[in-house]
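S.K.: Take this structure first; my questions come after.
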Amino acid sequence: MSKTDLKSLNIKELEEFIRSLGEKSFRGRQIYAWLHRRLAGSFDDMTDISKGLKDKLKDCCSLTLLRKETMQESKEDGTRKYLFALEDGNMVESVRMRYQHGISVCISSQVGCRMGCRFCASTLGGLVRNLTPAEMLDQIYRIQADTGERVSHVVVMGTGEPLDNYENLVKFLGMLTDENGLHISQRNVTVSTCGIVPGIRRLAKEQLQITLALSLHAPNQKKRELLMPIAKKYELSQVLDACDDYFLQTRRRMTYEYALAGGVNDSKEDAKELGVLLQGRHCHVNLIPVNPIKEREYVQSKGDVIRNFQNLLEKYGINVTIRREMGRDIDGACGQLRKRYAER
Ligand code: SAH
């Protein structure tokens, strides 16, 4: 019989499970607090749980615990990039950044990715598997335990397409924001998607207050198809309709991400076309200087090109920010730490 993944059970499920072992359900609450608030690393940490119950749990449950494989810290801004080993030996990357408003952790949602975006390092080896809710949570838990500082913001923008791992993602979001766990405010959580229309529509119905970010990266269908294979499956107008619906259902303003690559999608015409496309929508555009990866030919747009692009967009009444590049000295593009490690 396969073991129960204890850390992937939400509080209701855990109470139920503990009852099924013949124990009082408040024991479930205690264990939940150990796992999700006190960030216990083992059953033995749970000092107010009887040895008998701990032995039972050890027998029938697995306890997800990510192991820090390596960590790099930026000398420029203190950004930390963690490489974690999962139980089965796969690796995932997570990043911790310090901002004025708090500590933000960027997590992975899958091992690898099957979306195939042309500029992205995470997708080069394809999808290996989905992460469980516990494996998503534990990236945050291990980082908080490692640094001793409370994580206030979470972005699901690491390796993987979160809406391609929908059930686990939604369970993870519920547990992350549950008052019995880290209780991170839903408004401090962002999920980024390449534009899986049924997933966006479904997420809109979940009644969550999280921010949805769409990886747009092009001002029209033709250009988007060249950069993102998923665009062939979900047409730009359908994607934007789904995003409008997300705003209507949640009243959360959309974020559109736009990675600027020199000579690819950074011309004045591109900026104007994007302005027309997004004009009147409740949104915010985040311009990201593309992070070059060695397998592809993309280069960053020049600083003045980026600022001009921003100015042109703002003429359409659009709120635009340029993503500050964090941890440039440790970076390499997203997904490259894991990849370099695998190639050794
Ligand atoms: N699959 C999701 C989330 C993971 S990628 C998505 O597509 O949104 C997080 C963001 O980083 C996306 O906007 C993605 O397009 C962007 N990204 C990936 N590789 C990049 C690179 N080399 N330079 C800049 N941004 C990149």
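S.K.: Could you list Cys60, Cys283, Cys194 in order of exposure, starting from the residue whose Cβ has the fewest other Cβ atoms within 10 Å?
M.R.: Least crowded to most crowded, the residues run Cys60, Cys283, Cys194.
S.K.: Hey, another quick one. Filter the cross-link list Lys12/Lys205; Lys7/Lys81; Lys12/Lys56; Lys54/Lys81 down to pairs whose alpha-carbon distance in this structure exceeds 27 Å. Intermediate results must be reported in sequence, preceding the final value.
M.R.: Details: Lys12/Lys205 21 Å; Lys7/Lys81 24 Å; Lys12/Lys56 19 Å; Lys54/Lys81 34 Å.
Over 27 Å apart, Cα to Cα: Lys54/Lys81.
S.K.: Compute the distribution of all C-alpha to C-alpha distances in the range 4-62, in bins of 10 Å from 0, and list the percent of pairs in each, rounded to whole numbers.
M.R.: Reading upward from the zero bin: 24, 68, 8.
S.K.: Now, a different point. If each residue's Cβ is checked for other Cβ atoms within 10 Å, how do Ser20, Ser2 rank with the fewest at the top? Please list the in-between numbers first.
M.R.: On the way: Ser20 10, Ser2 6.
Fewest-to-most Cβ neighbours within 10 Å comes out as Ser2, Ser20.
S.K.: Then there is this: How large is the dipole of the range 206-344 about the Cα centre if only Lys and Arg carry +1 and Asp and Glu carry -1, each at its Cβ, rounded to the nearest 20 debye? Walk me through the intermediate numbers first.
M.R.: Numbers: 23 positive and 19 negative charges, 56 e Å.
So the dipole magnitude of the range 206-344 works out to roughly 280 debye.
S.K.: May I have the extent of the alpha carbons of the range 148-257 along their three principal axes, as whole Å values ordered from largest to smallest?
M.R.: Extents along the principal axes, in whole Å: 46, 29, 22.
S.K.: Something else now. Could you work out [θ]222 nm for the chain from helices alone, using -39500 (n - 2.57) per DSSP H run of at least four and dividing by all its residues? Round to the nearest 500 deg cm²/dmol.
M.R.: Mean residue ellipticity at 222 nm (helix-derived): -10500 deg cm²/dmol.
S.K.: Going Cα to Cα from Lys232, which lysines come in below 17 Å? Please leave out same-chain ones fewer than 8 positions away.
M.R.: Straight-distance partners of Lys232: Lys222, Lys223.
S.K.: Please arrange Leu278, Leu66 by counting, for each residue, the other beta carbons lying within 10 Å of its beta carbon, fewest first. Spell out each step's value before the answer.
M.R.: Details: Leu278 25, Leu66 22.
The most exposed by this proxy come first: Leu66, Leu278.
S.K.: Can you give the log10 of the normalised intensity I(q)/I(0) at q = 0.14 Å⁻¹, computed with Debye over equal Cα scatterers of the chain?
M.R.: -1.15
S.K.: Run through the DSSP bridge list for the chain and note the antiparallel percent, rounded to the nearest 5.
M.R.: On the way: 21 of 47 bridges.
Percentage antiparallel, nearest 5: 45.
S.K.: If you don't mind, another one. In Å, the Kirkwood hydrodynamic radius of the range 217-344 over pairs of distinct alpha carbons? Write out the running numbers ahead of the final one.
M.R.: On the way: mean 1/r = 0.0632 Å⁻¹.
Radius from the Kirkwood sum: 15.8 Å.
S.K.: Compute from the Cα atoms of the range 134-183 the Rg and the Dmax, the latter being the longest Cα-Cα distance, and quote both in angstrom.
M.R.: 11.1, 32
S.K.: Kindly give Rg over Rh for the range 75-179, based on alpha-carbon atoms, with the Kirkwood expression for the hydrodynamic radius. Before the final figure, lay out the partial values.
M.R.: Numbers: Rg = 13.6 Å, Rh = 14.1 Å.
Using only Cα positions, Rg/Rh for the range 75-179 is 0.96.
S.K.: Between the DSSP loop rule and a limit of at most 10 other Cβ atoms within 10 Å, which trypsin sites (Lys or Arg not before Pro) in the range 1-85 are left?
M.R.: Answer by residue number: Lys75.
S.K.: Cross-link candidates for Lys75: which lysines have Cα within less than 26 Å, leaving aside residues fewer than 8 places away along the same chain?
M.R.: Reachable lysines: Lys294, Lys302, Lys339.
S.K.: Which of the listed residues, Leu131, Leu169, Tyr99, is farthest toward the dipole's positive end in the chain, when Lys, Arg count +1 and Asp, Glu count -1 at the beta-carbon?
M.R.: Selected residue: Tyr99.
S.K.: Here's a follow-up. Rounding to the nearest 20 debye, state how big the charge dipole of the chain is about its Cα centre with +1 on each Lys and Arg Cβ and -1 on each Asp and Glu Cβ.
M.R.: 160
Read the figures in this text as sums done on the coordinates, not as results from a lab. Just so it is clear, the model here is predicted, and its values are computed rather than measured. With ideal geometry, Cβ positions are generated from the backbone for all residues, glycine too; neighbour counts draw on all protein chains shown.
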